[in-house]
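Quick notes on the structure that follows.
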Amino acid sequence: MLVLGIESSCDETAAAVVRDGSFLLSNVIASQIDIHSKYGGVVPEIASRKHMEAIVPVILEALDDANVSLDDIEGIAVTRGPGLVGSLLVGVSAAKSIAFARNIPFAGVNHLEGHVASIFLSDRKPDFPFVALIVSGGHTNIYFMKDFQEFNLLGQTRDDAAGEAFDKAAKLLDIGYPGGVVIDRLSKGGDTEFIKFPRAMKGSPDFSFSGLKTSLLTYTKKRESPITEDEIPDIVASYQEAIVDVLVDKTLRAAQSCSVSRVVVCGGVAANSRLRERFNEEADARGIEVFIPPPILCTDNAAMIAVVGDNLLSAGKKDSFNMNAVSRWSPGIKFKVPNPDKPEPRNGSRFKGSRLIVF
Ligand code: KG4
Ligand code: ZN
């Protein structure tokens, strides 16, 4: 099946064409970084307006790059959530319009399921089961996955996501945006032990990054002289190491406690060069195979959305035109529009009752 994927959940407007859920024909990503960087973070209202300007040209470019036309497209996959609703609505409206005009089926896709699916576009594809770490600007979650769409939550952040910890540190140090990319670059050659940052929640499968951020703030406030440019690489290298340490350790421990020998690492932070290096070294030492998509497929893209869409549409799971964008949505759960006449039982299965406890 030839699927057109559309993604607009945050500050990237993206479209891609994927054949049979695994062959990437095109992958176009229009970033809004330049606009949001002057505010030090994504401004939702500006993001939606920029998506409106970019969505049509980006879709046309993706079709053009793939050397296909809308006549060839057999299904449309669009990010339905989680994300900024105003941004999501632009992609959802575009998908519905094309589907209606061309009489093509379409499917709303969970963005986090998309991040995991990005591994199926990579050269090395894992077999199930595996443990997946989704680590992005909004999420830091570990899942045990027996199959596509079967997400069993093992651990998650109790406060900030790892990407947020990178972004907030860069904002505090005033070194640029997006923080993860800047810190990745500046920390090369820096001393990873320059500051002894805390590693929170040892012995728990969950994460916490807010104490780390506070610890950096305290360090900057306690100094008697301003931070010099020469000190930045050491400061950010030791900060980055604290994030990488817990991500690697908790994910590999989770895999070991589930007796799983494969780990998938995905989401924007998986583009981090130190995280990739440490995962490869340590997984090897523990006899675990690690799978990380190439950096361009780690950060937000529409190709990963097309992979999940192919899976849904091939199983006959298309959406109706009543489908709407949702800001919060856990992966692996079919989102139901609440029916006020038929309330769900209070012990409804939002998490499928499947939070495995490890450690
Ligand atoms: O998956 P993503 O593109 O969007 C979300 O779904 O959130 O992830 C964006 C996050 C941002 O916090 C950004 O700083 C981080 O991923 N990021 C990185 C790198 N590239 C992007 N973090 C660390 N190192 C990188 N190279
Ligand atoms: Zn994302």
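Sorted largest first, the spans of the alpha carbon positions of region 206-309 along the three principal axes are 52, 33, 23 Å. Taking only the C-alpha atoms of region 66-127, the Rg (one decimal) and the largest Cα-Cα distance, Dmax (whole number), read 13.6, 38 Å. The gain in end-to-end length when the residue 217 to residue 1 segment is fully stretched comes to 72.7 nm, 0.36 nm per residue minus the alpha carbon separation.
DSSP beta bridges fully contained in the chain are about 60 percent antiparallel. In region 157-238, the inverse of the mean reciprocal separation of distinct Cα atoms equals 13.1 Å; this is its Kirkwood hydrodynamic radius. Packing here is the average count of other Cβ atoms within 10 Å per residue, and on that basis the peptides 223-231, 208-216, highest first, run 208-216, 223-231.
For residue 155, the residues whose amide H sits under 5 Å from its own are 142, ignoring neighbours fewer than 5 places away on the same chain, with H placed 1.01 Å from N. When 171, 146 are sorted by how many other C-beta atoms sit within 10 angstrom of their C-beta, beginning with the fewest, the order is 146, 171. Each peptide in 157-169, 31-43, 303-315, 256-268 receives the mean, over its residues, of other Cβ atoms within 10 Å, and ordering these scores from highest gives 303-315, 157-169, 256-268, 31-43. Looking at region 204-255, the pairs of alpha carbons with a distance over 14 Å make up 62% of the total.
Close amide H pairs (under 5 Å, H built 1.01 Å from N) link residue 160 with 209, 210, residues at least 5 positions away or on another chain. With the Cα gyration tensor of region 45-203 giving a ≥ b ≥ c as the square roots of its eigenvalues, does the rule (a/c under 1.5 for rounded; else a/b larger than b/c for prolate; else oblate) give rounded, prolate or oblate? Judged from the Cα gyration tensor, region 45-203 comes out prolate (a/c at least 1.5, a/b above b/c).
Entry note, the chain: relative contact order of 25 percent, from Cα contacts under 8 Å with a spacing of 6+ residues. Taking every alpha-carbon pair in the chain and binning the separations at 10 Å intervals from zero gives 5, 25, 32, 25, 11, 2, 0 percent. Over the C-alpha trace of region 124-292, radius of gyration and Dmax come out as 16.1, 54 angstrom.
Across all Cα atoms of region 1-60, the radius of gyration (one decimal) and Dmax (whole number) stand at 13.0, 42 Å. Short-range pairs are left out: with C-alpha atoms under 8 Å and at least six residues apart, the relative contact order of region 3-149 is 23 percent. For the chain, the longest principal axis of the alpha carbon atoms and the long axis of helix 303-314 meet at an angle near 40°. For a paramagnetic label modelled on residue 124 (point 7 Å from Cα along Cα→Cβ), amide N atoms under 19 Å away belong, within region 285-302, to 285-299.
Between residue 46 and residue 191, the FRET efficiency estimated from the beta carbon spacing at R0 = 25 angstrom works out to 0.10.
Values in this text are rule-based calculations from the coordinates and carry no lab data. This is a predicted model, so every value here is computed, not measured. Cβ sites come from the backbone with ideal geometry, for glycine too, and all protein chains shown count toward neighbours.
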